[in-house]
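**Student:** Please find one structure pasted underneath; my questions will follow.
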Amino acid sequence: MFRTIYKSKIQGAVVTEANLEYVGSITIDEDLLNAADIIPNERVQIVNLNNGSRIETYVIPGKKGSGTICMNGGTARWAVVGDRILVISYAMIDAKEAEAFKPKVIFVNEENQFLRIESKNL
């Protein structure tokens with residue numbers, strides 16, 4: 001049996017841009033994607049800490065070190081510049097592996113620069 005578990009999360013990132021005319025998705029600084037083990041086109045869930053709503057979309061890598069968190073297409077109506085968000089990725093893993101799996105939490109500062117990683121069973 002496989003279980004869908006929370007694999008990693010970018011905690012408290014700040015939306016830096018909103019581009020309604022883009023086809024869709026979220027653009028995230030490539031440094032943060034690497035730290036969170038999220039790859040381009042991966043499906044993610046995003047939680048808006050300012051209003052409590054959740055959406056799902058896919059990831060586009062942004063320029064390394066830029067701190068970019070850009071809501072594209074329809075997501076640009078869902079969050080505005082300055083909103084704080086969580087970006088959560090999930091994985092399907094074997095049930096036995098899931099018991100010992102430790103997700104990663106990526107903490108960022110107000111400019112979306114990487115601060116630290118915590119990895120633990122919550």
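What follows draws every value from the coordinates through simple rules; no lab data is involved. What you see is a predicted model, and the numbers here were worked out from it, not measured in a lab. Because the Cβ atoms are built from the backbone with ideal geometry, glycine has one as well, and the counts that use them run over all protein chains shown.
**Student:** Can you give me the relative contact order of the chain as a percent, contacts being Cα pairs under 8 Å and 6 or more apart?
**Tutor:** Reported relative contact order: 41 percent.
**Student:** Something else: If you count the DSSP beta bridges with both ends in the chain, what percent of them are antiparallel, to the nearest 5?
**Tutor:** Taking every DSSP beta bridge with both residues in the chain, the antiparallel ones total about 70 percent.
**Student:** Which lysines have a Cα lying under 21 Å from the Cα of K63, excluding residues fewer than 8 positions away in the same chain?
**Tutor:** Output for K63: K9.
**Student:** Here's another thing I want to ask about it. Loop-only GluC sites (Glu not before Pro) in the stretch 43-112, please: DSSP not H, G, I, E or B, and at most 15 other Cβ atoms within 10 Å.
**Tutor:** Here the GluC sites (Glu not before Pro) that fit, given the DSSP loop and packing criteria, are E110, E111.
**Student:** Right, next: Within the chain, what's the longest run with no trypsin sites (Lys or Arg not before Pro) in a DSSP loop and at most 14 other beta-carbon atoms within 10 Å? Give the range, please.
**Tutor:** 1-62
**Student:** Rounded to the nearest 500, what is the 222 nm mean residue ellipticity of the chain from helices alone, with -39500 (n - 2.57) per DSSP H run of 4+ residues and division by all residues?
**Tutor:** Value at 222 nm, helices only, nearest 500: -2500 deg cm²/dmol.
**Student:** Determine, for M1, M71, M92, the number of other Cβ atoms within 10 Å of each Cβ, and report the residues in order from fewest to most.
**Tutor:** By the 10 Å Cβ count, ascending, the order reads M1, M92, M71.
**Student:** Same structure again: Roughly how big is the stretch 29-122's charge dipole about its Cα centre, with Cβ charges of +1 (Lys, Arg) and -1 (Asp, Glu), in debye to the nearest 20?
**Tutor:** Dipole about the Cα centre, nearest 20: 140 debye.
**Student:** Which aspartates and glutamates have a Cα less than 14 Å from the Cα of K64, not counting those fewer than 8 places away in the same chain?
**Tutor:** D29, E30, D31, E111
**Student:** Now for a separate question. Name the residues whose placed amide hydrogens come within less than 5 Å of the amide hydrogen of I60, ignoring near sequence neighbours (fewer than 5 apart) on the same chain.
**Tutor:** Counting only residues 5 or more places away or on other chains, the set is I26, T27, I28, N41.
**Student:** Please list, or write none, the aspartates and glutamates whose alpha carbon is within less than 17 Å of the alpha carbon of K102, excluding same-chain residues fewer than 8 places away.
**Tutor:** Of all the aspartates and glutamates, those that pass the test against K102 - Cα under 17 Å, at least 8 places apart if same chain - are D37, D94, E118.
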